[in-house]
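Right, I'll just put the structure down here and ask away after.
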Amino acid sequence: MSPEELKVKIDLLHSRLNEYYELDDSWRTIGEWPEGENGSILHPPATEEEIAQAEARFGHKFPPSYKEFLRLHSGWEHCWGNDTFVGTGRTATQRAQDKIAEYIRWQIDLLRKRSVDESPAATKAWEAAAERNLYLAHHLVIGTDFRGAAWVFDTRTRDANQEMKLTSWEMSYGAQDPAFQNFYEYLDFAIGEVDFRLEDWKKDAAKSAKKKKSPPAKAKVKAKAKTSDKFPPRKQSK
């Protein structure tokens, strides 16, 4: 995908997200957005030097699809599902970086309690035991929704083109679907999700408008039965 095509895709998702967030402002409460933030926030481009420094700091080379994104935007707040992608780790995404570090510490402590130490042999064996087992400290965690979920590039899946599988991970379960072959596929998925939600909103709005325009249905008045039809007349006391 060319940089121009990627930019079009990102701009489309950004605008659709803001349209959706305008309709459904519950995300502001769910995500605990700071005062003044109203929707998707794309950060300025990262320099090549900044990208190289971030790779050294995170301990992993970025896959090409994600690196192309960073050349356009150094981070993304309030993406689909209120996810924040930390990008090159600028201070603007520090809250997300801190949350990711919290997940990593939590997992290490949890596994220690289960007698899984931090040695490469032990963690590799633990990951091999189940598909959902993903030892975060060994992978490239790039985003979170602040509510126990993260997006992780699985470093075990790096292919000949240096791309890595982008996997959804949750504290309550581990690695799970959806998962994508690269960052481009994730963007397509997010656009599809937002479009689906927007279509639902528009359908609901159309139904509501139609109900408001329709005259209220006249209530059917049931004829009052005569006393003699249901009950015999009461005898008059002498």
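What follows draws every value from the coordinates through simple rules; no lab data is involved. Note that the coordinates shown come from a computational prediction; the quantities given were computed from them, not determined experimentally. Because the Cβ atoms are built from the backbone with ideal geometry, glycine has one as well, and the counts that use them run over all protein chains shown.
Taking loop as defined by DSSP and a crowding limit of 14 other beta carbons within 10 Å, which GluC sites (Glu not before Pro) in the range 69-155 fit?
Hits after loop and neighbour filter: 118, 131.
Using +1 on the beta carbon of Lys and Arg, -1 on that of Asp and Glu, and nothing else charged, what's the dipole of the chain about the Cα centre, debye to 20?
Here the size comes out at about 3180 debye.
OK, next. If Lys and Arg each add +1 and Asp and Glu each add -1, what is the summed charge of the other residues whose beta carbon sits under 14 Å from the beta carbon of residue 23?
Working: positive: 16, 28, 197, 202, 203; negative: 19, 22, 24, 25, 195, 199, 200, 204.
Once positives and negatives cancel, what remains is -3.
Enumerate the whole-percent occupancy of each 5 Å bin, from 0 to the last occupied one, for all C-alpha pair distances of the range 6-146.
2, 9, 16, 18, 16, 14, 12, 7, 4, 1
Can I ask one more? What whole number of Å gives the distance from the Cα centroid of the range 1-79 to the Cα centroid of the range 123-158?
21
So what is the relative contact order of the chain, in percent, for Cα pairs below 8 Å that sit 6 or more residues apart?
16
Would you mind ranking 70, 12, 110, 6 so that the residue whose beta carbon has the fewest other beta carbons within 10 Å leads the list? All intermediate terms of the calculation are to be shown ahead of the outcome.
Working: 70 25, 12 14, 110 11, 6 18.
Arranged by neighbour count, lowest to highest, 70, 12, 110, 6 become 110, 12, 6, 70.
The range 1-49: which GluC sites (Glu not before Pro) are DSSP loop and have at most 15 other beta-carbon atoms within 10 angstrom?
On the way: sites: 4, 5, 19, 22, 32, 35, 37, 48, 49; in loops: 32, 35, 37.
For GluC sites (Glu not before Pro) across the range 1-49 that sit outside H, G, I, E and B with at most 15 neighbouring Cβ atoms in 10 Å, the list reads 32, 35, 37.
Which shape class, rounded, prolate or oblate, goes with the range 111-185 when its Cα gyration tensor gives a ≥ b ≥ c as root eigenvalues, a/c under 1.5 marks rounded, and past that a/b bigger than b/c marks prolate?
oblate
Next question. In nm, to one decimal, how far is the residue 30 label point from the residue 56 one, both placed 7 Å along Cα→Cβ?
Simple spin-label model gives 4.0 nm for this pair.
Would you tally the net charge around residue 88, using a Cβ to Cβ cut-off of less than 15 Å, leaving residue 88 out, and scoring K and R as +1, D and E as -1?
Charge balance in the 15 Å sphere: -1.
If you add up the charges near residue 124, with Lys and Arg at +1 and Asp and Glu at -1, over every other residue whose beta carbon is less than 14 angstrom from its beta carbon, what do you get?
On the way: positive: 156; negative: 117, 118, 127, 154.
That sum, taken over residues with Cβ under 14 Å, equals -3.
So what's the range 73-126 giving for Cα Rg divided by 2.2 N^0.38 Å, two decimals?
1.48
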